[in-house]
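Data block below; observations after.
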Amino acid sequence: KPQEVMTALGIKPGEVIADIGAGSGYFTFRLAHHVGDKGKVYAVDVSPEMILHINRRIRELKVSNVVSVLSDPDDPLLPDHSIDRFFFSESWHHIENHAKYLALTKRMLKPSGQIVMIDFQKKDLPVGPPLQMKIAREDVIRELESHGFRLTKEYTFLPYQYFLNFTVQ
């Protein structure tokens with residue numbers, strides 16, 4: 001339900017969003033449409049192949065507000081105090097060093113910044129990664145709260161995923 005996700009996010013023109021684990025750009029280009037010409041979306045991924053794919057799509061779509069970033073597995077490599085929102089869609093479970101990543105995202109966020117987490121519920125589902133790769137909603141909340149973030153909004157319209165918004169406390 002990508003359109004419902006975009007509506008729920010209430011993105012304002014001019015925002016700077018980091019799409020972590022951007023992959024093929026499924027959400028990247030939707031986010032770019034919503035931030036507009038004055039905004040920016042960093043398409044962050046650790047896969048050179050995915051970054052090449054994103055770069056081709058940037059050229060094909062003639063998009064000027066998407067910047068691809070080939071990142072380290074434990075560092076998004078973005079400037080400090082530059083991001084309005086970090087957007088994680090089905091990517092948090094791929095990051096190994098959560099504590100380091102959260103410390104970096106906190107530093108990279110603007111003062112009123114947010115972290116958006118969309119990931120698969122930890123149960124047997126007809127879609128998504130194997131059960132052992134999934135992270136329970138409660139564990140994500142506990143982890144982010146222990147690193148100085150506060151759950152400010154939760155959406156329940158996605159059938160297989162949780163959708164959580166956090167801000168810095």
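For the reader, a short list of remarks on this structure follows.
- If you go through the range 72-83 and keep only what is surrounded by fewer than 20 Cβ atoms within 10 Å (Cβ to Cβ) and part of a strand (DSSP E or B), you end up with Asp72, Asp75.
- Matching option when the condition is surrounded by 13 or more Cβ atoms within 10 Å (Cβ to Cβ) and not acidic (Asp, Glu), among Gly10, Gly36: Gly36
- Test: residue in the range 48-56 that is open to solvent by 70 Å² or more (accessible area, probe 1.4 Å), at pLDDT 95 or above and in a strand (DSSP E or B): no
- Filtered residues of the range 13-33 (kept if touching a residue at least 60 places away in the same chain (Cβ under 8 Å) and either buried (at least 22 other Cβ atoms within 10 Å of the Cβ) or in contact with a strand residue (DSSP E or B) (Cβ under 6 Å, 6 or more places away or on another chain) (or both)): Glu15, Val16, Ile17, Ala18, Asp19, Ile20, Gly21, Phe27
- Note on the range 118-128: residues that are surrounded by fewer than 16 Cβ atoms within 10 Å (Cβ to Cβ) and either assigned to a strand (DSSP E or B) or not hydrophobic (A, V, I, L, M, F, W, C) (or both) amount to 3.
- The C-beta contact set for the range 50-63 (first residue more than 15 Å from Ala32 (Cβ to Cβ) and among the aliphatic types (A, V, I, L, M), second residue surrounded by 14 or more Cβ atoms within 10 Å (Cβ to Cβ) and at pLDDT 95 or above, distance under 6 angstrom, 6+ apart or interchain) comprises Ile51/Asp45; Ile51/Ser68; Ile51/Leu70.
- Annotation: Val67 fulfils all but one of (1) open to solvent by less than 50 Å² (accessible area, probe 1.4 Å); (2) modelled with pLDDT of 95 or more; (3) of a type outside the set (Ser, Thr, Tyr); the unmet one is (1).
- Enumeration of residues in the range 129-160 that are outside any helix (DSSP H, G or I), open to solvent by less than 40 Å² (accessible area, probe 1.4 Å) and free of Cβ contacts under 8 Å to residues at least 40 places away in the same chain: Pro129, Ala136
- Total residues in the range 92-117, condition open to solvent by 10 Å² or more (accessible area, probe 1.4 Å) and either among the hydroxyl-bearing types (Ser, Thr, Tyr) or not in a strand (DSSP E or B) (or both): 13
The values are calculated or read from the model by the stated rules, or taken from the named source; none is laboratory data. In this text, all values refer to a predicted model and were calculated from it rather than measured experimentally. When we count neighbours, we look across all protein chains shown, and the Cβ atoms used for this are built from the backbone with ideal geometry, even at glycine. Ligands, DNA and RNA are stripped out before the accessible areas are found, and what is left, the full protein with its side chains, is counted by its heavy atoms. Shrake-Rupley method; radii C 1.70, N 1.55, O 1.52, S 1.80 Å.
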